[in-house]
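Heads up: the structure comes next, in structure tokens.
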Amino acid sequence: MRVIGLMSGTSCDAIDAAAADLGIEGDTVVLTPLGDLECAFPGGLRRELLAALPPSSTTMAAVCRLDTLLGQALAAAADRADRELCAGEAELVVSHGQTCYHWTEDGRVRGTLQLGQPAWIAERTGRTVVSDLRPRDVAAGGQGAPLVSALDVLWLRGRPGAPVALNLGGIANITVAHGAHGPLAYDTGPANVLLDTAVRELTGGRADHDADGALAAAGTVCRPLLDRLLAEPYYARPAPKTTGRELFNAAYLRTALAGFGHLPAEDVLATLTELTARTVADAVRAAGGTEVIASGGGTRNPVLLARLALALDGVPVRVSDELGLPSGAKEAYAFALLGFLTALGLPGTVPACTGARHARVLGSVTPGRGGPPPRPWDGPAPVRLRVSRGVPRTGPSQDPQIGIGNAH
């Protein structure tokens, strides 16, 4: 099955679109990447979105407008990916949407809201759309995240030791695929979200991120500030757990900086970079991790990666590209996989990773113009994933349950 995955993360910096041929061979899902795109938000949509996110207040009118505009932006990204990556032969689109609120109380997730109306995607592309994947896990008692853990557990099965998949997005999360502490997955804390927020705050909006970590590289870690940040109770909570802008936002940063006088921007960014490195390294060590396979926008920050390697003290760090999944689009590929599983009636969660009572088939389906979705898979559920570097097929699958047949 030829599938497009769409992802817009906590950083709200762009829409990632990834296309893949997906199929099942025996007990293995075979994923052949077809390519990926980064699609900028049109016009002032990013500013409008950031203005509505926590800790800001908003209105139902703004929510309706964002749901529509994000849906249209996702539709444009899917249409472009279909034309440029799939030769117009995509069979399914999977849209994560944009998480705008993740409602947590006392460590329990009560609800989650992703905007980006899928009807716009189905109408523009004519493809069936799987969307709204997180709420079913929440309804089953889970955290609704990190859903990428389903890919990680399948993908890293059989790898020696205790491999840890790390995503450095707005929020950092890890998946311990197996080993004495696995499977296990949770958000370790902030990655790019506080760094980007600090850049916007400290430059008066003239910049929105620390390109190549250059500002952090020029600064010195402020130990008292780092100690204050590390005292955040979230880090001591047991897994599974999730977090987001509801906690780590501009107001949080201002409170953390209170009383420190005028700290140079470079020192603030050096300290926040060290915070991410320390909290990730602590999580990896606690899980007995023997290697880290990193992905996400934070992998483009050489200073962050260097600080992480230093904090891990000998645990090797590599990027997911080395194992066949592009680091900048891995989450988009993960959601392509989750939608593929949904289309076949297969669960897309690992309860030990999200904390749900049971594994569940995820998402809601918006029909396209291409006929009914494929019939449920009647074979055993796959237990591993292989990323294929083979030549993808050139036409739609005859049996949408099997999808690729020549990706070896």
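The values are calculated or read from the model by the stated rules, or taken from the named source; none is laboratory data. Note that this is a predicted model, so its numbers are computed, not measured. Note that we place each Cβ from the backbone using ideal geometry, even for glycine, and neighbour counts take in every protein chain shown. Just so you know, the surface numbers come from the protein's heavy atoms only, side chains and all, with ligands and any DNA or RNA stripped out. Shrake-Rupley method; radii C 1.70, N 1.55, O 1.52, S 1.80 Å.
Observations on the structure shown:
- Within the span defined as the stretch 305-316, every residue fails to be farther than 30 Å from LEU269 by Cβ and in contact with a helix residue (DSSP H, G or I) (Cβ under 6 Å, 6 or more places away or on another chain).
- Scan of the stretch 172-186 for residues that are open to solvent by less than 10 Å² (accessible area, probe 1.4 Å), in contact with a helix residue (DSSP H, G or I) (Cβ under 6 Å, 6 or more places away or on another chain) and in contact (Cβ under 8 Å) with a residue 60 or more places away in the chain, ordered by number: ALA172, ILE174, THR175, ALA185
- Matching residues in the stretch 301-316 - criterion: being buried (at least 20 other Cβ atoms within 10 Å of the Cβ) and not in a helix (DSSP H, G or I): ASN301
- Strands (runs of 3 or more DSSP E) fully within the stretch 36-137 counting 1 or more residues that are free of Cβ contacts under 8 Å to residues at least 12 places away in the same chain and open to solvent by 30 Å² or more (accessible area, probe 1.4 Å): 92-105, 108-115
- From ALA329, ALA283, residue being open to solvent by less than 40 Å² (accessible area, probe 1.4 Å) and either among the charged types (D, E, K, R) or closer than 20 Å to LEU154 by Cα (or both): ALA329
- Any hit, the stretch 258-276, residues being assigned to a helix (DSSP H, G or I), open to solvent by 10 Å² or more (accessible area, probe 1.4 Å) and polar (S, T, N, Q): no
- Which listed residue is at pLDDT 95 or above and more than 28 Å from ALA14 (Cα to Cα), from GLY158, GLY141, GLY189: GLY141
- Residues of the stretch 1-26 that are among the charged types (D, E, K, R) and modelled with pLDDT under 95: ASP13 alone.
- GLY370 within 23 Å of THR32 (Cβ to Cβ) and free of Cβ contacts under 8 Å to residues at least 40 places away in the same chain: no
- Residue list for the stretch 187-213, restricted to those being touching a residue at least 40 places away in the same chain (Cβ under 8 Å), small (Gly, Ala, Ser) and either open to solvent by 20 Å² or more (accessible area, probe 1.4 Å) or closer than 23 Å to ARG108 by Cβ (or both): GLY189
- Residue among LEU323, LEU341 that alone is out of contact with any helix residue (DSSP H, G or I) (no Cβ under 7 Å at 6 or more places or on another chain), under 30 Å from GLY23 (Cα atoms) and either surrounded by 24 or more Cβ atoms within 10 Å (Cβ to Cβ) or of a type in the set (Val, Ile, Thr) (or both): LEU341
- The residues of the stretch 353-384 that are open to solvent by 50 Å² or more (accessible area, probe 1.4 Å) and either in a helix (DSSP H, G or I) or among the hydroxyl-bearing types (Ser, Thr, Tyr) (or both) amount to a single one, SER364.
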